[in-house]
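The values are calculated or read from the model by the stated rules, or taken from the named source; none is laboratory data. Given the structure is predicted, the values throughout are model-derived calculations rather than measurements. Quick reminder, even Gly has a Cβ in these numbers, built from the backbone with ideal geometry, and neighbours come from all protein chains shown.
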Amino acid sequence: MREVAVIGVGQSMFGKLPEKSVAELGAEAVSAALTDAGISPRDIQVAYASRLYNVWCTAQDILKEVGIRNIEMVNVENTCAGGSTAFRGIWKEIADGHYDIGIAVGVESMTTSPIAGKLIPPEKNDLDGHLGMTMPAMFAMVARRQMEEQGATPEDFAQISVKNHRHACLNPYAQYKKEFTVEEVLNSRMICEPITLLMCCPNTDGAAAAILCSKDIAKKYTTKPIRVIASTLLSGDYKEFQKDITASPLLGKISNMAYEMAGCGPEDIDLVEMHDAFANEEMLRYEDLGLCKRGEGVGLIRSGATEIGGKIPVNPSGGLLSLGHPLSASGIRTICEIVLHLRNQAGARQTPNAKVGLAHMHGGVVARMEHGIVAGIHILAR
Amino acid sequence: MAEVVPVREGTFAEDAKGAKLLGSKCRSCGQLFFPQAKFCFNCFGKSMDEVVLSRRGKLYSYTIGHMPSTHFQPPYAVGFIDMPEGIRVFAPLKMTEDKPFKVGMDMEVVIEELWQENDKKVIGYKFRPV
């Protein structure tokens with residue numbers, strides 16, 4: 001298996017942009033990544049694209065905008081982990097020696113999708129979904145257990161939203177660049193007790209892209225190749241086998257796989273970008289990813305360690321909560337953010353002397369299965 | 001009179017004593033499932049027996065929704081109930097005036113109309129504080 005490096009990253013503006021087509025959003029990200037890598041569209045040998053809503057030749061539609069055609073193109077869907085899946089697809093193509101250089105792009109136009117401004121409706125066969133298990137309801141029930149078992153408070157959840165909104169103010173691509181206080185988060189509209197509106201990620205349009213190549217040829221293009229030291233993607237189990245809803249069985253497995261592949265442990269990670277669709281989810285993932293022990297997520301947020309400038313910054317981009325969450329773009333966008341930090345190009349958000357970063361993405365509801373049925377973890381190093 | 005249809009066939013029944021939920025149990029390894037499973041997700045055994053779950057369980061978690069879901073207008077309550085058989089059931093909850101929800105409280109199953117759809121009454125299970 002060959003070593004693979006990221007040589008170019010790019011993203012579009014994130015926000016409510018219904019006037020922009022998926023091709024336009026995607027092309028913004030792809031053009032930015034091509035410019036960042038300093039390569040010609042002619043050099044791209046393979047492309048993977050991910051999109052959840054109205055899937056139809058997304059790669060071909062986007063890449064025609066920059067002149068890329070006549071190459072192998074693959075379109076994938078894997079809910080929120082779609083971007084991670086596309087990135088891993090390109091990683092495999094290059095690691096396995098099929099191609100030397102390729103592009104992964106994730107895109108979503110949420111404001112023009114059938115779920116714009118609505119909760120994601122349940123599938124016909126999803127009994128629990130029809131009985132009222134919406135995404136916020138599920139995370140609210142998890143939050144209740146975090147409060148019962150771990151002593152978490154709604155103020156702690158609000159603090160995560162406050163932190164990520166503060167981070168987003170430093171990110172020119174963010175949907176919401178506005179600071180909030182804990183009180184403002186708690187007093188925003190109640191969605192599912194104790195989850196309020198400002199603890200939920202918004203509807204977002206946007207795209208992100210990454211260009212990968214074999215490590216051997218990376219030096220032709222850049223003096224700062226970022227190595228992909230772990231690429232993992234995994235699906236979860238039947239719900240009967242999850243005893244504790246505050247711990248994801250899937251993430252327990254995949255994070256071990258990722259750390260083993262990378263040859264490092266959570267203590268070696270300098271920053272994390274993760275799926276924080278709901279504020280309390282970030283606290284869960286601190287534990288699932290091993291950033292702290294079980295039950296210590298509350299202490300980690302209270303300590304300030306996960307803020308920019310802290311010991312282990314989490315979501316310095318602003319996260320899904322305030323940078324925004326175009327579903328299939330987020331899995332690549334998180335990797336873009338990690339790459340910027342590892343190159344020391346993250347501006348005011350920079351994690352000092354970052355050497356290793358972890359990008360996590362997670363999602364999907366399937367009847368009978370554990371909540372959050374698919375996850376991707378990538379670990380990158382400079 | 002509107003036709004009455006169950007939210008899902010084979011998930012519940014009613015007898016003289018009241019409502020009951022129907023799960024299934026693997027004849028080989030004993031793993032329980034709710035709703036019933038066609039085969040055992042644990043050991044892949046194909047012989048499954050229907051089991052009647054207890055009428056009462058304990059509230060594991062809950063929330064009160066303030067945004068409409070597919071079939072419910074706010075405020076509505078949903079939660080997980082841990083059954084004595086060792087299985088967790090997700091269900092709509094009935095809100096009462098005098099018994100606010102609390103993790104660990106005793107809950108009992110009831111069968112009632114959940115919503116109406118295409119001139120049909122959809123009935124199913126809910127849990128209420130004992």
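Surrounded by 17 or more Cβ atoms within 10 Å (Cβ to Cβ), more than 14 Å from every other protein chain (Cβ to nearest Cβ), touching a helix residue (DSSP H, G or I) at 6+ places or on another chain (Cβ under 9 Å) and outside any loop (DSSP other than H, G, I, E, B), is that true of residue A:158? Yes; evaluated as a whole, the condition is true for this residue.
Criterion applied to A:372, A:310, A:295, A:376 was being surrounded by 24 or more Cβ atoms within 10 Å (Cβ to Cβ) and in a loop (DSSP other than H, G, I, E, B), and the one residue passing it is A:372. Determine if the stretch A:247-256 includes at least one residue that is under 20 Å from residue A:356 (Cα atoms), in contact (Cβ under 8 Å) with a residue 40 or more places away in the chain, in the same structural domain as residue A:194 (by TED's automatic domain parsing) and touching a Phe, Trp or Tyr at 6+ places or on another chain (Cβ under 9 Å). The answer is no, given that none of the residues of the stretch A:247-256 is under 20 Å from residue A:356 (Cα atoms), in contact (Cβ under 8 Å) with a residue 40 or more places away in the chain, in the same structural domain as residue A:194 (by TED's automatic domain parsing) and touching a Phe, Trp or Tyr at 6+ places or on another chain (Cβ under 9 Å). Mind listing whichever residues of the stretch A:25-45 are closer than 21 Å to residue A:339 by Cα, in a loop (DSSP other than H, G, I, E, B) and in contact (Cβ under 8 Å) with a residue 40 or more places away in the chain? Within the stretch A:25-45, A:38, A:39, A:44 meet the criteria. When you look at residue B:121, is it away from chain A (no Cβ under 12 Å), over 24 Å from residue B:33 (Cβ atoms), in a strand (DSSP E or B) and not polar (S, T, N, Q), yes or no? So residue B:121 fits the description; yes. One residue stands out in the stretch B:1-53 among those that are within 13 Å of the chain's Cα centre (by Cα) and aliphatic (A, V, I, L, M): the one that is nearest to the other protein chains (Cβ to nearest Cβ), namely B:7. Those strands (runs of 3 or more DSSP E) of the stretch A:46-130 in which 2 or more residues are surrounded by fewer than 22 Cβ atoms within 10 Å (Cβ to Cβ) and among the aliphatic types (A, V, I, L, M) occupy A:72-76. Among the residues of the stretch A:179-233, those that are part of a helix (DSSP H, G or I) and acidic (Asp, Glu) comprise A:183, A:184, A:216. Exactly one residue among A:31, A:50 is farther than 18 Å from residue A:330 by Cβ and under 21 Å from the mean Cα position of the chain (by Cα), and that residue is A:31.
If I ask for residues that are out of contact with any helix residue (DSSP H, G or I) (no Cβ under 9 Å at 6 or more places or on another chain) and facing another protein chain (nearest Cβ under 10 Å), which ones from the stretch B:54-75 would you list?
Matches in the stretch B:54-75: B:59, B:66, B:68, B:72, B:74, B:75.
Which residues, taken from the stretch A:184-197, are free of Cβ contacts under 8 Å to residues at least 12 places away in the same chain and either of a type in the set (A, V, I, L, M) or more than 14 Å from every other protein chain (Cβ to nearest Cβ) (or both)? Across the stretch A:184-197, the qualifying residues are A:190, A:197. Checking each residue of the stretch A:289-302 against the condition of being in the same structural domain as residue A:360 (by TED's automatic domain parsing) and within 30 Å of residue A:49 (Cβ to Cβ) gives at least one match.
Scanning the stretch A:344-355 for residues that are of a type in the set (A, V, I, L, M) and surrounded by fewer than 19 Cβ atoms within 10 Å (Cβ to Cβ) turns up just one, A:348. Yes or no: the stretch A:262-277 includes at least one residue that is more than 18 Å from the chain's Cα centre (by Cα), surrounded by fewer than 23 Cβ atoms within 10 Å (Cβ to Cβ) and without any contact (Cβ under 8 Å) to a residue 24 or more places away in the chain. So far as the stretch A:262-277 goes, yes, one or more of its residues are more than 18 Å from the chain's Cα centre (by Cα), surrounded by fewer than 23 Cβ atoms within 10 Å (Cβ to Cβ) and without any contact (Cβ under 8 Å) to a residue 24 or more places away in the chain.
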